[in-house]
Amino acid sequence: MNRLDKYFEKEEKGAKGLYVHIPFCHKKCYYCDFLTFPGQEKRMDSYISNLLKEMEIYQNKYGKILIDSVFLGGGSPSYLSLDNLDKLLKGIHENFNLNSKIEFTIEMNPEDVRQDKLKILKDYGVNRISLGVQTFDENILKILGRVHKSSDVIEAIDLLNKNSFANINLDMIYSLPLQEEKNLENDLKIISYLSPNHLSYYSLILEENTYLHRLVRENKISLNDDEMDRNFYHKIVTSLEEIGLKRYEISNFAKESYESVHNKKYWQMKEVLGIGMGASGFYKKARYKNVCNFKKYGEMINDGVLPIGDYSEYNLKELRTDYIITNMRLKEGINLKNYEEIFGISLLKERERKIKEYLDEGFLILMDNNLFFSLDGVDISNHILVDLI
């Protein structure tokens, strides 16, 4: 058995993650380049019907796959009607074998957090809520095209707490248009008051073909420079650790025992099924991505075939590259013993000169047989990864 087969044989025995993509939303945010379709409510019923059929195809092909994490993303899964939300959750339970200790996450916009929806979520075992907040600054929210207000977030969290949703993540963004240090500090102050168990805090990525990209190109708004972006990141890490939110991945922070099971599957290269239009998956030695067109998606589903558009089986070199990139995102980095067992060579010997340079400069740390970024190393992580690969 070669090393590639040995790696995937181990993966075969473990529980999988499940990602389900819901491409609908009330309004497309100005920075968003995800596969989302505002104003397409008339497609919801047929889309959910096709989603359920896709799940059935998986069950017919592979049996009831054991799942220990579910993530409903989008788009805005919370934008679904009560009836479609009920059908979707019921279908997941019927077509997959859900672990008794499953982490079950749904992305919600603050304005969608209502008692009737929370009841359905509770009934089907959803136990983790990821709220799209981005910032608490009202002016910046408008620039981003968000429809909620900061008060909606406070009210949403209050209702979640009343309904015993203990595991709440806040999705935040920094280096936003018009965001100065005082704005960031205010966001961090409110986060401290709300005391979530998990936080995702990403630097704004200006994607082409977004409305925000056009505004920047036309010089109507400007973004922070790299130095300010790094200063913001360091302030975020320091401030969050002071309130018990420890960084466990470059952009993710959690209180003890609240690290995301699903998120870590991606960074540790565990198998995740991608269901729905445009969803990506990692399963059976391959990466794949579903088609992104409603018509094509429906046709393939109704023909009884998985709606996969792009499919690529791994070779050992590709596995090694992805393994380094994903594992180095984690705070503990790469376990060098595990790396050598998988790939049959020492990473320290492979990249001895470069690794020594980064260790001496303080950008990498070697501790307990783990190689990982220092906080300063995170600032130049892309550069370091190129040298490691």
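Data overview
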read-out	value
Residue match in segment 19-40 (condition: more than 30 Å from Leu212 (Cβ to Cβ) and modelled with pLDDT of 95 or more)	no
Some residue of segment 372-385 being touching a residue at least 24 places away in the same chain (Cβ under 8 Å), within 24 Å of Arg287 (Cβ to Cβ) and hydroxyl-bearing (Ser, Thr, Tyr)	yes
Residue within segment 210-230 that is open to solvent by 90 Å² or more (accessible area, probe 1.4 Å) and among the aromatic types (Phe, Trp, Tyr) present	yes
Filter result for Met44 (within 19 Å of Val291 (Cβ to Cβ), out of contact with any Gly (no Cβ under 9 Å at 6 or more places or on another chain) and modelled with pLDDT of 95 or more)	yes
Candidates Lys270, Lys264, Lys246, Lys255, filtered to the one that is within 28 Å of Tyr201 (Cα to Cα), open to solvent by 10 Å² or more (accessible area, probe 1.4 Å) and in contact with a His (Cβ under 8 Å, 6 or more places away or on another chain)	Lys255
Any hit, segment 190-201, residues being open to solvent by 60 Å² or more (accessible area, probe 1.4 Å) and either among the charged types (D, E, K, R) or closer than 30 Å to Gly333 by Cα (or both)	no
Complete set of residues in segment 125-162 that are modelled with pLDDT of 95 or more, open to solvent by 30 Å² or more (accessible area, probe 1.4 Å), of a type outside the set (Asp, Glu) and part of a loop (DSSP other than H, G, I, E, B)	Gly125, Asn127
Boolean, Phe363 is free of Cβ contacts under 8 Å to residues at least 40 places away in the same chain, among the aromatic types (Phe, Trp, Tyr), surrounded by 17 or more Cβ atoms within 10 Å (Cβ to Cβ) and touching an Asp or Glu at 6+ places or on another chain (Cβ under 7 Å)	yes
Evaluation of Tyr193 against (1) within 20 Å of Leu131 (Cα to Cα); (2) in contact with a strand residue (DSSP E or B) (Cβ under 9 Å, 6 or more places away or on another chain) (one fails), failing number	(2)
Residues located in segment 19-52, provided they are hydroxyl-bearing (Ser, Thr, Tyr) and open to solvent by less than 20 Å² (accessible area, probe 1.4 Å)	Thr36, Tyr47
Residue count, segment 9-18 (criterion: in contact with a Lys or Arg (Cβ under 9 Å, 6 or more places away or on another chain) and either within 30 Å of Leu215 (Cα to Cα) or surrounded by fewer than 18 Cβ atoms within 10 Å (Cβ to Cβ) (or both))	3
In segment 306-325, the residues that are assigned to a helix (DSSP H, G or I) and over 22 Å from the mean Cα position of the chain (by Cα)	Leu316, Lys317
Failed item in (1) part of a helix (DSSP H, G or I); (2) open to solvent by less than 40 Å² (accessible area, probe 1.4 Å); (3) in contact with a strand residue (DSSP E or B) (Cβ under 9 Å, 6 or more places away or on another chain); (4) not basic (Lys, Arg), with Phe282 passing the rest	(1)
Subset of segment 1-11 (residues that are in contact (Cβ under 8 Å) with a residue 60 or more places away in the chain and touching an Asp or Glu at 6+ places or on another chain (Cβ under 8 Å))	Glu11
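The values are calculated or read from the model by the stated rules, or taken from the named source; none is laboratory data. This is a predicted model, so every value here is computed, not measured. Note: ideal-geometry Cβ built from the backbone for every residue, glycine included; neighbour counts use all protein chains shown. Keep in mind that these areas ignore ligands, DNA and RNA; they rest on the heavy atoms of the full protein, side chains included. Shrake-Rupley method; radii C 1.70, N 1.55, O 1.52, S 1.80 Å.
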